[in-house]
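Notes for the one structure printed next.
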Amino acid sequence: MVKKLLKQEYKYYIRTLIFILPAVLLLGISVRILQFFETDHYVYWLLFGGAFLIFTVGSCAALIATEVLAVVRFYKNMYSSEGYLTFTLPVSTHQHLISKLIAHVLALFVTTTVVIVAWVIAFSGMEFWELFIDSFASAFEGIDLTPYIGHLVILIIEVVILLVISLFSSPLLYYACISIGQTAKKNRILLAIGVYYLYTVLVQIVSTVFSVI
């Protein structure tokens with residue numbers, strides 16, 4: 001049954017992202033094409049600056065739109081009038097959450113990947129990449145990493161695990177805040193936002209304390 005739920009979740013995201021993601025790629029390609037006509041004329045820099053600004057806004061908008069789609073989907077499907085229909089299905093609440101979480105994470109992963117690819121395309125011809133690669137190579141040139149291979153492998157594993165956890169932790173935080181907000185008799189959305197803000201503040205305080213220690 002989870003597969004059927006996931007199928008519906010995927011259709012929901014595809015209906016919107018199928019327009020957003022190609023647009024981000026096209027914006028990245030347009031920025032790259034403009035670089036073939038680079039001159040010192042102010043008209044070129046005006047066009048390039050405008051294209052870069054639109055591309056940056058589009059990239060941020062794509063990431064934000066994916067999160068908004070996921071949050072709206074969860075809220076409407078679980079707590080609005082659609083919730084009555086949702087819970088008439090022969091599916092447990094746990095399965096609903098799992099399907100929404102998987103689809104949310106996958107949509108965010110795909111959007112992030114497309115945005116990164118678009119940025120690589122947009123600036124693939126700039127000397128920045130060559131300078132970055134040369135600087136990175138020279139930084140490790142002559143350093144014997146053999147004694148630290150074990151530590152390096154463990155560090156890479158820890159980073160990968162942290163990235164995977166962070167992918168799932170953000171959606172679960174949104175779901176938790178929305179669910180807590182539903183306990184209020186009035187202003188449920190406001191309470192959900194307040195809970196999220198309070199959580200963020202507490203995390204910052206705890207992080208600061210541990211950093212100082």
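Rounded to the nearest Hz, the phi-derived 3J(HN,Hα) couplings of segment 30-41 under the Karplus curve 6.51 cos²θ - 1.76 cosθ + 1.60 (θ = phi - 60°) are 5, 4, 5, 5, 4, 5, 5, 10, 4, 9, 8, 6, where x marks glycine and proline.
The solvent-accessible area of Val159, taken with every protein chain present and a 1.4 Å probe, is close to 70 Å². Bridgeable lysines around Lys7 (alpha carbons under 21 Å apart, same-chain partners fewer than 8 residues away excluded): Lys76, Lys100. Phi angles of segment 52-69 translate, via the Karplus equation with coefficients 6.51, -1.76, 1.60 and θ = phi - 60°, into HN-Hα couplings of 5, 5, 5, 5, 5, 4, x, 5, 5, 5, 5, 5, 5, 4, 4, 5, 5, 4 Hz per residue; Gly and Pro are given as x.
Could you give the length gained on full extension between Gln95 and Leu167, defined as 0.36 nm per residue of separation minus the Cα-Cα distance, in nm? Write down the numbers at each step before the final one.
On the way: separation 72, 0.36 × 72 = 25.92 nm, distance 1.88 nm.
Full-extension gain reported as 24.0 nm.
Going through (i) 114; (ii) 211; (iii) 178, the figure that equals volume of the Cα convex hull per residue in Å³ as computed for the structure here is (ii).
Given +1 at the Cβ of Lys and Arg, -1 at the Cβ of Asp and Glu and no other charges, the dipole of the chain around its Cα centre is 1700 debye to the nearest 20.
Of all the options Phe109, Phe87, Phe52, the one that moves most in a Gaussian network model of the chain with Cα springs shorter than 10 angstrom is Phe87. Exposed loop sites, defined as GluC sites (Glu not before Pro) outside DSSP H, G, I, E and B with at most 16 other Cβ atoms within 10 Å, are absent from the longest region of the chain, namely 39-140. Across His96, His104, His151, mean-square fluctuation computed from a Gaussian network of the chain (C-alpha pairs under 10 Å connected) peaks at His151. Using the Cβ-Cβ distance between Gln204 and Ile33 with R0 = 35 Å, the FRET efficiency computed as 1/(1 + (r/R0)^6) comes to roughly 0.25.
What's the longest piece of the chain with no exposed trypsin sites (Lys or Arg not before Pro), counting a site as exposed if DSSP puts it in a loop and it has at most 14 other beta carbons within 10 Å? Show your work: numbers first, answer last.
Numbers: sites that count: Lys185, Lys186.
Segment 1-184 is the longest.
Within the accessible surface of segment 1-114, defined with a 1.4 Å probe on protein heavy atoms only, the carbon and sulfur portion equals 76 percent.
For the chain, report the accessible area per residue in Å² (1.4 Å probe, heavy atoms, rounded to an integer).
Details: 14720 Å² over 213 residues.
Spelled out: the 1.4 Å probe surface of the chain, per residue, equals 69 Å².
The values are calculated or read from the model by the stated rules, or taken from the named source; none is laboratory data. Note that the structure is predicted; figures quoted are calculated from it, not measured. Please note: Cβ atoms are built from the backbone with ideal geometry, for glycine as well, and neighbour counts cover all protein chains shown. Surface areas here come from the heavy atoms of the whole protein model, side chains and all, with no ligands, DNA or RNA. Shrake-Rupley method; radii C 1.70, N 1.55, O 1.52, S 1.80 Å.
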